[in-house]
Structure formats: structure tokens, C-alpha cells
1. Given the conditions (1) within 22 Å of the chain's Cα centre (by Cα); (2) farther than 14 Å from Val352 by Cα; (3) modelled with pLDDT under 90, which single one is not true for Phe418?
2. Output the number of residues of the range 283-330 satisfying the condition of being part of a helix (DSSP H, G or I), in contact (Cβ under 8 Å) with a residue 60 or more places away in the chain and over 22 Å from Asp241 (Cα atoms).
3. Can you tell me which residue within the range 371-411, out of those that are touching a Gly at 6+ places or on another chain (Cβ under 9 Å) and hydroxyl-bearing (Ser, Thr, Tyr), is nearest to Ala361 (Cα to Cα)?
4. So which residues in the range 192-224 are among the polar types (S, T, N, Q), more than 22 Å from Ala177 (Cα to Cα) and touching a Leu at 6+ places or on another chain (Cβ under 8 Å), if there are any at all?
5. If I ask for residues that are free of Cβ contacts under 8 Å to residues at least 60 places away in the same chain and surrounded by 13 or more Cβ atoms within 10 Å (Cβ to Cβ), which ones from the range 41-50 would you list?
6. For the range 95-125, which residues satisfy the criterion of being surrounded by fewer than 24 Cβ atoms within 10 Å (Cβ to Cβ), of a type in the set (Gly, Ala, Ser) and in contact with a Ser or Thr (Cβ under 9 Å, 6 or more places away or on another chain)?
7. Can you go through Ile190, Ile218 and tell me which one is free of Cβ contacts under 8 Å to residues at least 40 places away in the same chain, in contact with a helix residue (DSSP H, G or I) (Cβ under 7 Å, 6 or more places away or on another chain) and under 25 Å from Cys129 (Cα atoms)?
Amino acid sequence: MEGMAVTEIVRATRASLQFFVPEAWLTVGLLVLLVLDLGLRDDRKRSVLPWTAFGIVLGAILWAVPLLWQAPTEIFSGLLVVDPFGTYLKIVIGVATLLTVLVSVRNRELAGYGVGEYYVLLLGLTLACMLLVGAVHFVMILLALEMVSVSSYLLVAYRKTHAASVEAGLKYIVFGAAATGAMLYAVSWIYGLTGTLYLAEVARRLQTMAISPGWLVIMLLLSAGLAFKIAAVPFHFWAPDAYQGAATPVAALLTVAPKAAGFAMLVRIFYHGFSVYRPEAEAWEAIPGLGWPLFLSIVAAVTMTWGNTVALWQKNIKRLLAYSSISHAGYMLMAVLTGTREGLQALLFYVVAYMVMNMGAFFTVLALSDVTDRYEDIGAYQGLAARFPELTWAMAFFLLSLAGIPPFIGFFGKFFLFAAAIRGGWTWLAVLAVLNSVISLFYYVYIIKNMVIERPGEFGPVSSWGPAYRTVLVLGVAVLVLGILFSPIYGWTARSSSLVEAFGMALRAMGK
């Protein structure tokens, strides 16, 4: 009997590993980078390690692509699930990491600091985010969330001789510890009341229980950790300092990868753990008494309004983009609130749009570090069009896309979000989001005015542009082309969102 049990475990593990190849590839890649960092001379590290990291991440993406057609499958005894929804986000996270590796090759902000540790942390963050998007058990969610957080803390404070980076990392850790503590306390209560930590089983047992008012407190505590990860109000205070203090490539990645993983975690927990799927309505409906949609709607409204309002007064462009990122978290929360496949499709589409336009804006800031020491000061962008028209055009594309102006991809992203919110019964929130988009135009256009209308500022000569410059130009074209030819991406989001419902029903039928 004991031998049979071991055989079953080995067989189950082998079956799980065939769906775990992207994460396993990244894990092995981490070890390879560590060995190379120990064995190579310092002058060789800067030429070998970045491209090794690039190849490892690219390999993980290629291994993930076939899984887009994989039906929802539980692996490792139900701790993780592999489905098109999670795989789609894993690919987005991998692409964001690839872009970050590219612009980090000759980044002046990272000069003088260890090379190997930096790329190991980038791969560690990517691995953690991929684990988080597939986690369907609270223990796995907490472990992956902490791995994301620790990697992020270290990356923010990576420039250890830079006072702003160290301070930002410390603030990030303090807020993260508080949010994690609140979430752990909530999970302990959930286990005590339901006797399980599997999300689908939590939902099944909640349907047979009397929901007491105490569950509202549990929802609030649980949401603290979730709001922290996506930088939603009131757990957003770390974001402006972290993005300003971190090296610009790190700040760009943090606005995309952990945020995408955080929204995947929101969908898994609130849909699979605290909702019931209604096939007749093709929508998820919150279990009566939990009240999480009302709470999230308030968070979404306050987040988008606070982010856009405070951004109006920012003079540091990285802080401005940080508050812009906070407001966009509010927009994306609307998609989660709808509980519909259309809402999930809009969320998945917007994640891609947000990655292209937001990372493009950060990389433009990075490219300008080659010609001015005041590249974080909005005032230093005066007359940029006269000296560097190609960067001006690209930056204008990114900012107009973030504001939701056609024909850029950001317009269609917001259109799908707002339409899904209205059809999902959240018309007042969609109207507020439109008003907030109008407010955002003021600070986005202010930057464009500085670049185009104002007299030229002081810029140094350019001996040779770094990789960030070429990446910016590619993303500038992409933000326009993808806005015109958005159908292929929208088609992939349709497939990736349609199987989330099937997954939820499958788990309940299994009685996990």
C-alpha cells in the first residue's frame, strides 16, 4: 500500500510538471545565472548575464504559448491551476520582463551595482508573478504573494548607495508587512470558519453557511493585501516613493508585472472563492452577505479619483506616472466588479494596452537620462521636440494613449472597460471613470505642451543612444498600430476569459 502511494505521488508529480514547464524553466534559469555570476569575471558579466537572462525569459514565454490552448487543469494537488486566463497573463508578465532586461543593459542608474543579483531578482519576480496568477489555494497565494513582495522590495532598494532608493524600499517594506499581516489574519479566520483553504471549496461551504456581519471585517482585512499589491487606495502610499526611488527600469516593471498578477489574484479569490457562477446569466454573483462588490466599487471610485487629482500637482515625472498608475488600477477594478466574461475580456485587453503605453512612458524617461541629468523633472522636458522629435512623438503617443484618446490602444482599452461596466450595472462608476479620464488629460497634455511649445531646455550631446531609445521607438509604433489593429489581441482575450467560468464550475463539481 505504501509503495502504491509513493507511485501515485510520483505519477501525479510528473503529470503536474508537464504543465509547469515555464516556471521550472525560470527556476533552472535562476540557478544558471547564479553560477555564471560566481564564475565570470566582472568585465564579462555585463555582456553575458543580461543576454542570458533575456534568453531564459524568452524561453519561458515560448514554453507558455502552447498552454494557451490547454483546458483548465489542476496541478500539484490543487495548489495551482493552468488555464488560458493565467497563461495569457504569464505571457504578458514575461514580455514586460523582456522589455525591462533590454533597457537595463546600458542603464546609467544601475552602473556601479552588481549585475548578477539584479537579473536574478528580475527573474525571481517574474517567477513569483507567474505562480501568483495560477494560485487557487490560500497557502499558495500567500507564498507567491510574499515572493513577489520580497523581490520587489529588493529591486526598489537595489541602489544601496542611493538614499532615495533605500528610503523607498524601507517604506515599501513597512506598508507591505502591514498589508500581509492583515491578509494573513483574514485567511486564518476563513480557515477557522470554513475548514478549508481551497478557493472553490470555500465558496461551496459558504453557500451552506449563515453569513454573519463578521465576514465584512474578513473581507476588509483580505482586501488590504490585495489593494496593496495593485496600489489601490488606501494602500497606495508606497507607490509614488517606490517608483521615484527605484531605478527607472524597475519602476516600469513594477507598474505592470505585480499589478497584472495582483488582478489575477483578485479574480481568483473573489470569483472562485466568494461568488457563484450563474450559467443562465453568464456571470459571477457574489455570495449574499459578503458585500465585496460594493466595497470594491468604493475602492475603485476613490482610487481613480485620488490618483488623477494628486497627479495634477506633481513636478517629478516618475511620481506623476505613479499616480497615473494608481488611477488606472481604479479603472481596471471596474472590470472585476462586473462579474462577467465581457468584463474579464476587457481586463485582459487593458493589461496589454497598459503594458505598452505605461512602460513606453517610463522608458522615454530612461532614454532622456542619456542627455540630461534632470530627466525626472517635468520642467526639463521643455522644447524636447526641437532637439529630439522622435522621442517627443513617442512620448506624446504614450501619454495620449494613457488618457484614452483615439486611435491609440488606450482608447479601445478604456472603451471596453467602460462598456463592460455599464452592461454589468455599474453605470455610475463608468461615468465617474469618464470624468476622471478628462481630468487626466490636463496633466498628460501639460507634459506634451512642455515638450512641443516651450523654448528648448538644456540637453547634452548624444554620442550613442542606449537600448532604451530603440525600445521607445518600437513601443511608440506599437501603441498606434495595436490601436488600429486591435482585433487579434481582443480575440485572444475572448478565449482566455471564456474558460474562467468553466474552471470555477469544474472545481466545484470535483468537491475539492
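The values are calculated or read from the model by the stated rules, or taken from the named source; none is laboratory data. Since the structure is predicted, the reported quantities are computational estimates derived from the model, not experimental observations. Neighbour counts are summed over all protein chains in view; Cβ atoms, including those assigned to glycine, are modelled from backbone coordinates with ideal geometry.
1. Condition (3) is where Phe418 drops out.
2. Start the filter on the range 283-330 by keeping residues that are part of a helix (DSSP H, G or I), which leaves 292-311, 317-330.
Of the ones still in play, those that are also in contact (Cβ under 8 Å) with a residue 60 or more places away in the chain are 292, 295-297, 299-309, 311, 317-330.
Those left that are additionally over 22 Å from Asp241 (Cα atoms): 292, 295-297, 301.
The qualifying residues number 5.
3. Among those that are touching a Gly at 6+ places or on another chain (Cβ under 9 Å) and hydroxyl-bearing (Ser, Thr, Tyr), it is Ser401.
4. Here is the first cut: in the range 192-224, the ones among the polar types (S, T, N, Q) are 194, 196, 207-208, 212, 223.
Now restrict to residues that are more than 22 Å from Ala177 (Cα to Cα): 194, 196, 207-208, 212.
Thr194, the sole residue that qualifies.
5. Val48
6. Residues satisfying the conditions are Gly112, Gly124.
7. Ile218
Results for (1) over 20 Å from Val250 (Cα atoms); (2) among the aliphatic types (A, V, I, L, M); (3) touching a Leu at 6+ places or on another chain (Cβ under 8 Å); (4) without any contact (Cβ under 8 Å) to a residue 60 or more places away in the chain, shown as yes or no for each residue.
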{"residue": "Val120", "(1), (2), (3), (4)": "no, yes, yes, no"}
{"residue": "Gly124", "(1), (2), (3), (4)": "no, no, yes, no"}
{"residue": "Leu127", "(1), (2), (3), (4)": "no, yes, yes, no"}
{"residue": "Leu132", "(1), (2), (3), (4)": "no, yes, yes, no"}
{"residue": "Ala135", "(1), (2), (3), (4)": "yes, yes, yes, no"}
{"residue": "Leu145", "(1), (2), (3), (4)": "no, yes, yes, no"}
